Amino acid sequence: MGGILKFQGRWRILAAPLLGCLPHLVFAGSISLDGDWRIHPIRPEIASRFSDTQLVERYSAADLPDASWTVIKVPGYWDTPSEDSPWMDPSRSPALFPGHNGEAWLRAHFQVPETLFPEGGATDALKQSLVGVLRFEAVSARASVWLNGTFVGKHLGAFDPFELEFAASLLTGGDNVLAVRVADKSVLKRSAGGEKGNLASEIPLGLETEAGGIYRSVSLAIHSKERILDVFVNPKLQSLSLDVSVSEAAIGNSTLEMLIEEKATGKVVHGPRKEKVQFDSRKYRHQTFSIPNLPGVKAWSPETPNLHRLTLKLLVGAREADSRVVDFGFRTFQSGRGVFLLNGRRYFLFGAGSPPHEENVSDELARAHLTALKEAGVRAVRFANEPPSSKWLSLCDELGLLAWVEGPLLAHEGPYNFSRADFVNQAATELLEAARSLRNHPSLVVWSNGASNQTVITRKNVDAYEVAGKVLSDLAGRIHKSVFGLGRIAIPESDNRGAGSPLIEDWHAHDGWYSGRIADWGVFLQQLSIYREGIAGGTAPWVCSELSAGFSSDGQGQVLTDPREEAASRMRIGAPGDDASALMEYQSNRIERFIEEARALRNPASNRIAGIFPYSCANWFFNPLTDGASVPKPILAAVRRAYRPVVVAARSLRAHYYSGEILDATLTVANDDIRSGTVGAGLLICEVFGPGDQTSPAARGEVPIGAVPYYTSLSRSIPLRLPDIEGLQTAKVRVRLVSGANEIVTTDRSIRIASHAFADPIPKDVADGLALHDVKGTLAELLKTHKIEIPAFNDLGQLKSTEEQKPISGLIVGPGSFDSYIDRAWPSLRVWVEAGGRMLVLDQDPPRGRWEYSGPLPGGRSLLRPTGWPTGIDRVNPRLAEHPLFDGVRREDLAEWGADGVVATTVCQPGDDTSGKPRSTVLADVVPDSDTFSWKEVVTEIEQGEGRILLCQLKLVEKAALDPVASRILKNALVWVGGARRPVLANYPPNEIPFLAPFVATDRVYAEESGTSPHEPILAIKDTGCDYTVEATTDQSGVTFTGIIPNPKTPQVYYDIDDRFWGKKSGPAEIQVQVYGKTPSEIRLDYDSSDSDLLSESAYKKTAPRPLLEVNAWKILVFSVPDARFENRQFGNCDFRLTVSQGEAVFGPIEVRKGGATP
């Protein structure tokens, strides 16, 4: 026999005075059934031996001996948290059955104290007039319940609370046995058809897709048959409506007594008031009472979280049959015209997300976590992935935090089929009840059904995208109308990107939203409407509910040495020896910059930004996240600075400057001080302090600034000449806003200042033995400013050693110049490199499909993720090896160069090159978004034979004029490539060197083999989705050309022009193509254009189809276009495509000319 269930050695009576730490709706006379239960997992071998009926009869029986069963804590899962849970105390025992997927039986033994029954005791006669109610806050994911061997009910769904009512006579005065058969989420996935393993869930899954257990609290209550079922308080600022649901027995013969008080003081603001309970339960779920005029009540807001308490009594004659206590707040919340309105005033959401609400953390830890957020200036918290328990929102109510609650339809975790009616109905039932259970909390202002469903689906199936959008929008509408009423907003999902015209437009930052640098963030915000194709006319406020903080909770990199730190945040960042504190400090400051600029540049009429949630930052505020040990981390201080009521954003401030340069600081004051309102006129003061001097500024300027009203911004510029500094040193920029005698706010920023001697002069002899392939000409132009000229690399013959010339020893490939010429010349270049040559590849463009990262790798090689990186890695941090490229440069000097300012390591492996695996020296890789591993700023050195290739994707040429660090690294790179000083091919017979791909002409390019030869200046790309066959085709007059026969299913051919021919300038072009008509046909040209009116479609601007009526003959078709761009923006990094829009045709030789007649 199992032990009697108790709470800390005594009965836990849930009464109204304990409301602050208990579920929001408290039932008088409840007992908690939390504590030690017994569990028996149903293994496959057990399930195969017994029928379902036999299993039920065996495990639901009250007299079943279960003392040998394993003890499990309820609430809790049997299979999570896993050992790497971010909130798990390292001393805590791991999951009992981490590998068990399926069903388990859980049993609890308890006694019912007589005090739980009404006066008179638990007599048999009294029990006949009473009902018992078992309340489960949540079970994952299907539950069937027996009490003392009698079945009392079942429930499907992992996130909504449910109650089971039974006759009180089932309870005994001695040992009572509660048996629950639980099926975890894995049981509720079934085949969706198609390939093996393609499953679709029957229920919403949330974050943990296979978790099982009674993971939230269980309680037992005894009631009269006349009882209150549900209460919804729907307040405005000085009025409210009250919806009350009661049992059938209470309708017509009972009265409700209502009393409203200030919770803190007990001051009565309304009542006691009595109302007869009388409504038709066949038509209505509840009875509504209105209280239209409550002047003088205190409003609830994050600044003044004034709570009121409703005490509701159900009276049958003079007898109190039941009662409820509900805490609520008088407030309003609306969205529209690019803003949120809280209690009628504009309100910017200073957000954070996401607290550890998925875990059963203690009340102490939950309070400490949210309190720290509140003290840091956070106004709103996003509870991501699945709804929190009521405990979390009760704390938000008390502390003054708005809550964005996310439902469990999380696309990245769950396989959902929104066209299945049974799934849609189950999801609707579950989410409606989950929302209903939380709706009395004044903190709850935004509900979303989940996240990213349409974002994920749209990549696969347009029809499924539309179905999902309709289902999610309809469900949000139902919740908004039938559950919430006024004061709360329901949206289809987070990361909706404007789909379905939601009341809030939400874009996640790390997934297709913003992946640029810190320096570009302000530009992005100012031009945000450009990125909203199709929804530019919307008025909904825009929120970034997930701004990546640089770290995620997905388990990353190398394990830190401190296991408590690891358990607290999963910040497995960097390698042993890295300064984790410095890395965290940088990422914290990065978030501060993002938030300040968002506040400074918000514009309700254009970008409509109205809230920002640094996601993951809440996950790593503390070290560790365990009771009694909440040690703040740097992000807390950074958010506190960013969320000050008034901030000054130094938007134009760069990281690096030259000595004597003019610092033109654009300073923007953003005012969100809702308490004080307008900030009075005053002075903006900007000061620069040199290294080691924090008392006397080396430069100072000030400018008057007018009054700044609430929820507005005002900008001013202050030009300052920076002091002279030796080498490269750190200085401080301090900005102060002073109004009258008051200093409103002070902001400090660190910058690095370098002397010109730090990067200049570039050695004048650096050009000796070098050649430059620079299609754009940007590097050549920069070098000319230093009076350095490097000969152009325009013929592979320059690699040869002859009597007339010395071969080049170093080749520089300039920005955007690793083109088809270099790619096709690789067989020759490989021989040259292996003999000792050096090749420097600079600043290549981002990928568009042809190569595997931002610049092509020689010989078909590819970059792989670093050894030991788990799949879920999200962000890593700066780490530099010792290498001449970074001479004089610190790791911190590269901090803001990557899209996320982070640096990692990578490896290089051979592709189709069969010459043997080269050795690679890992330097530094700047990884902007490794969810898809779209490498953009990689720095890697490859040793090939006796030579080397240095791939340097840092934007050196782009930055060098304004950034001394970029100039220094560029200088180092040129010195490095000039380090090979011998004639590298002196011992190679010329006829053994496979020199290919001569330089192309300047006015026209012609592909005689129709683009099928790898050495032609126009290539016909052959890939999945654009396949073709090649065969010699002779027409009726005997003319024969190499013919390209398009695939009939996709009758189009993509062409890539040698990048050196066109460059980066737009202008008129003429495309001539020989076409052989098998049948009367029409041919259309789609080309990469500079037509800005077409936005993203400008890469595929269509010409009018050209008719080809004569068959069995080669004919020339001419397409003249006025605005060719040819920047490789089409599929496969191509420039144009030819499509057989009607009939059947073969494409032959093709020519592209610069200029040409405008059609």
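Here are the numbers for the structure shown:
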read-out	value
Cα→Cβ-extended label distance, 7 Å offset, between Ala757 and Lys73, nm	6.5 nm
Global geometry of region 1004-1154, whether rounded, prolate or oblate, following the gyration tensor of its Cα atoms and the 1.5 cut on a/c	prolate
Fewest-first ranking of Thr1040, Thr332, Thr747, using other Cβ atoms within 10 Å as the exposure measure	Thr1040, Thr332, Thr747
Rounded Å value of the spacing that divides the Cα centres of region 211-236 and region 101-156	13 Å
Separation between Cα centres of region 474-494 and region 664-722, rounded to whole Å	42 Å
Nearest-0.05 FRET efficiency for Ser241 and Thr150, computed from C-beta distance (R0 30 Å)	0.15
Spin-label model distance (nm) - Leu1095 vs Glu57, 7 Å beyond Cα toward Cβ	6.7 nm
Stretch gain in nm, segment Ala741-Glu892, where the contour uses 0.36 nm per residue and the Cα spacing is subtracted	50.6 nm
Computed FRET value (nearest 0.05) for Ser750 with Glu320, which takes r as the C-beta separation and R₀ as 60 Å	0.35
Mean Cβ neighbour count within 10 Å, used as a protection proxy, ranking 1048-1061, 709-722, 394-407 highest first	394-407, 1048-1061, 709-722
Cα-projected label distance for Arg700 with Asp422, points at 7 Å along beta-carbon direction, nm	7.7 nm
Leu341, Leu444 arranged by Cβ crowding within 10 Å, fewest neighbours leading	Leu341, Leu444
Debye intensity ratio in log₁₀ form over the Cα atoms of region 333-377, taken at each q of 0.17, 0.28 Å⁻¹	-0.66, -0.95
Sequence of Ile46, Ile260 once ranked by neighbouring C-beta atoms within 10 Å, starting from the fewest	Ile46, Ile260
Residues Tyr1006 and Leu432, FRET efficiency given R0 of 56 Å [Cβ-Cβ distance, rounded to 0.05]	0.25
Label zone at Leu259 (point 7 Å along Cα-to-Cβ), backbone N below 11 Å, region 289-317	310-313
Cα gyration tensor shape of region 1032-1104, rounded if a/c is under 1.5, else prolate or oblate by comparing a/b with b/c	prolate
Backbone HN-Hα couplings from phi across region 428-434 [Karplus 6.51/-1.76/1.60, Hz, Gly and Pro as x]	5, 4, 5, 6, 4, 6, 4
Sequence-separation-based contact order of region 646-754, relative, with Cα cut under 8 Å and 6+ spacing, percent	34 percent
Listed residue pairs exceeding 28 Å between alpha carbons, taken from Lys225/Lys481; Lys1078/Lys1102; Lys276/Lys481; Lys1065/Lys1102; Lys776/Lys1115	Lys225/Lys481; Lys776/Lys1115
Residue list for region 98-120, given a label point 7 angstrom along the Cα-to-Cβ vector of Phe50 and an amide N cut-off under 17 Å	102-108
Ordering of 148-159, 1107-1118 by packing [mean C-beta count within 10 Å, highest first]	148-159, 1107-1118
By average C-beta atoms within 10 angstrom, highest first, the peptides 205-212, 375-382, 604-611	375-382, 205-212, 604-611
All Cα pairs of region 230-328, percent lying beyond 15 Å	61 percent
Amide proton proximity set for Leu229, modelled H, under 5 Å, gap of 5+	Ser245, Val246, Ser247
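Rule-based calculations on the coordinates, nothing more; no lab input. A quick note: this is a predicted structure, and the numbers were derived from the prediction, not measured. Glycine gets a Cβ as well: all are built from the backbone with ideal geometry, and neighbour counts include every protein chain shown.
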